[in-house]
1. Which one is surrounded by the most Cβ atoms within 10 Å (Cβ to Cβ), of the residues in segment 210-242 that are among the hydroxyl-bearing types (Ser, Thr, Tyr) and in contact with a helix residue (DSSP H, G or I) (Cβ under 9 Å, 6 or more places away or on another chain)?
2. Mind listing whichever residues of segment 263-303 are of a type in the set (Lys, Arg) and either outside any helix (DSSP H, G or I) or without any contact (Cβ under 8 Å) to a residue 40 or more places away in the chain (or both)?
3. How about segment 53-84: which of its residues are in contact with a strand residue (DSSP E or B) (Cβ under 6 Å, 6 or more places away or on another chain) and β-branched (Val, Ile, Thr)?
4. Hey, among SER397, SER377, SER391, SER385, which residue is small (Gly, Ala, Ser), in contact (Cβ under 8 Å) with a residue 12 or more places away in the chain, crowded, with 19+ Cβ neighbours inside 10 Å and in contact with an Asp or Glu (Cβ under 9 Å, 6 or more places away or on another chain)?
5. Do we have any residue at all in segment 304-327 that's within 27 Å of SER383 (Cβ to Cβ), touching a residue at least 24 places away in the same chain (Cβ under 8 Å) and part of a strand (DSSP E or B)?
6. List the strands (runs of 3 or more DSSP E) inside segment 93-197, counting only whole elements, that have at least 1 residues being more than 33 Å from the chain's Cα centre (by Cα).
7. Please go through segment 33-75 and pick out each residue that is more than 19 Å from ARG228 (Cβ to Cβ), hydrophobic (A, V, I, L, M, F, W, C), touching a residue at least 24 places away in the same chain (Cβ under 8 Å) and not in a loop (DSSP other than H, G, I, E, B).
8. Within segment 66-84, identify whether any single residue is small (Gly, Ala, Ser) and under 19 Å from the mean Cα position of the chain (by Cα), and answer yes or no.
Amino acid sequence: MSPSRADAPYGRSVSRLRNVAVVLAGGTGSRVGLSIPKQLIKVAGKPIMEHTIGVLQASPLIDEIIILMTPGHLDAVRAMLRPGAYPKVTQLLEGAETRNATTKRALDALGDEECNVVFHDAVRPLLSQKVLDDCVAALEEYEAVDTAIPSADTIIQVDEATGRTIDDVLRRPLLRRGQTPQCFRLSVIRRAYERAADDPSFEATDDCTVVLRYCPEVPIAVVPGEERNMKVTEPIDVYLADKLFQLNSDDTPTSRSDAEYRALLEGKTLVVFGGSYGIGADIVALAEKHGARALSFSRSTTGTHVERRDDIVAACEHALAATGRVDLVVNTSGVLPRGDLAETSEETIYLSNDVNYLAPIHIAQVFHPHLRATNGSLLLFTSSSYTRGRSGYSLYSSAKAAVVNLTQALADEWAGDGIRVNCVNPERTATPMRTKAFGEEPEGSLLTSESVAETSLGVLVSPWTGHIVDVRREDKLASHLDAAAAAAAATMDEQRAEDQAPVQVSTGG
């Protein structure tokens with residue numbers, strides 16, 4: 001039975017018809033000044049269109065994906081569609097010279113069975129699951145659906161003869177900027193294109209225009225889109241998309257029942273560095289509760305120093321000797337050096353770099369062959385400071401930014417090995433290391449380590465790879481809107497608590 005959304009804007013259950021997503025990837029990249037199609041440009045560690053395919057693959061409402069790609073570049077897409085990566089993709093076809101001709105090829109490939117068709121631009125990689133869900137839900141009531149957002153700009157109409165003077169100023173409250181997805185009942189969009197074929201002057205820039213013009217009897221619903229669902233078209237868009245991927249990290253994985261967790265974890269071996277207290281200890285306890293064999297390594301309990309490669313090798317050998325396999329690896333170890341860089345000792349610089357950045361690299365290298373053998377998962381941790389360095393935290397925030405980049409790079413490198421690599425970005429969390437650094441803080445102002453551990457375990461067993469997953473106490477949108485104010489407040493609070501304290505070292509590390 002298909003899932004439903006009670007809060008969908010049209011208040012209906014999601015259609016039980018097969019939902020086929022069609023990825024339109026016919027661009028050439030000429031406007032961004034490159035010799036490859038823009039959908040193959042890498043942002044946040046992956047080609048733009050792979051992010052798009054990943055969104056559709058992750059949706060429980062999408063049953064099948066068909067890709068229409070620029071002629072001559074199908075091999076690049078085949079490389080993305082490595083075995084098991086995107087099982088919903090059933091067809092990869094060459095696109096045509098125009099958008100409408102490409103759509104027609106997709107319709108020809110869909111067969112005769114009625115279904116819902118969800119057209120989406122390959123170069124809109126920031127599509128949210130909410131917008132996608134709402135579009136599919138609207139198809140329960142309507143046979144054609146568009147996605148659009150209000151215009152913040154005044155829209156003018158210029159004269160047709162020269163295009164240099166204003167002919168009219170359009171009423172902004174009634175105007176919307178079109179996006180994708182554009183969704184249709186297959187029979188409706190086919191009928192529209194059949195009628196359009198008889199019109200010698202047929203021309204349209206999108207598929208809703210075709211339905212509006214040639215099937216005027218079919219109402220087209222409008223689902224609210226999002227500003228972040230941008231289309232990468234101009235050179236600046238590539239930069240903006242990359243930044244948005246940094247700022248708009250992923251929602252948490254779908255929650256699972258105890259029985260589902262046990263089915264995924266029973267008999268698996270989990271290795272946690274920094275598992276003596278805080279988030280690491282809670283991950284160990286939660287995994288053991290669900291049947292995993294969890295092995296914790298830390299300075300205080302096993303004498304493991306993550307900055308020493310030999311200690312990591314020894315931990316790996318111990319895990320293999322004890323259980324014969326390694327399925328999941330987590331690194332929660334870290335140090336929190338504070339103070340101006342100009343006044344920071346060489347010893348502190350090396351310790352910070354060794355623990356916060358080189359340790360994840362060594363862990364990844366040492367455990368790679370064993371995770372490859374089990375199609376395992378590696379989970380690293382970052383901090384909200386990775387998006388923008390803060391005064392007094394230059395070593396810490398720069399290392400956390402490097403860990404995010406490392407996560408994305410390894411996810412790309414290891415995809416062919418079947419290894420998933422992700423990173424959790426928790427909001428300020430109540431852990432012994434934080435208390436040691438900043439003292440007691442107001443109750444309710446911090447995440448609990450248990451809640452971060454729950455999300456972390458969900459990421460570990462998810463099919464995701466290359467994701468940076470936010471863990472927040474509040475609504476994610478509100479969190480982003482308040483981010484600047486919150487960061488400023490946090491900085492002031494921490495500076496009040498700061499007394500040029502020495503380096504704080506997690507005994508879990």
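1. It comes out as TYR214.
2. Filtering segment 263-303 for residues of a type in the set (Lys, Arg) gives 268, 289, 293, 299.
Selection gives LYS268, LYS289, ARG293.
3. Within segment 53-84, ILE62, ILE65, ILE66, ILE67, VAL77 qualify.
4. Details: SER397 fails: in contact with an Asp or Glu (Cβ under 9 Å, 6 or more places away or on another chain); SER391 fails: crowded, with 19+ Cβ neighbours inside 10 Å; SER385 fails: in contact with an Asp or Glu (Cβ under 9 Å, 6 or more places away or on another chain).
It is SER377.
5. no
6. On the way: elements: 116-121, 144-150, 156-158, 166-169, 176-185.
Qualifying strands (runs of 3 or more DSSP E): 156-158, 166-169.
7. LEU40, ILE65, ILE66, ILE67, LEU68, MET69
8. Of all residues in segment 66-84, those small (Gly, Ala, Ser) come to 72, 76, 79, 84.
So of that shortlist, the ones also under 19 Å from the mean Cα position of the chain (by Cα) come out as 84.
Yes, segment 66-84 has at least one match.
None of the figures in this text is laboratory data; all of them are computed from the coordinates on show. Just so you know, these numbers come straight off a predicted model, no measurement behind them. Every residue, glycine among them, receives a Cβ derived from its backbone with ideal geometry; neighbour counts consider all protein chains shown.
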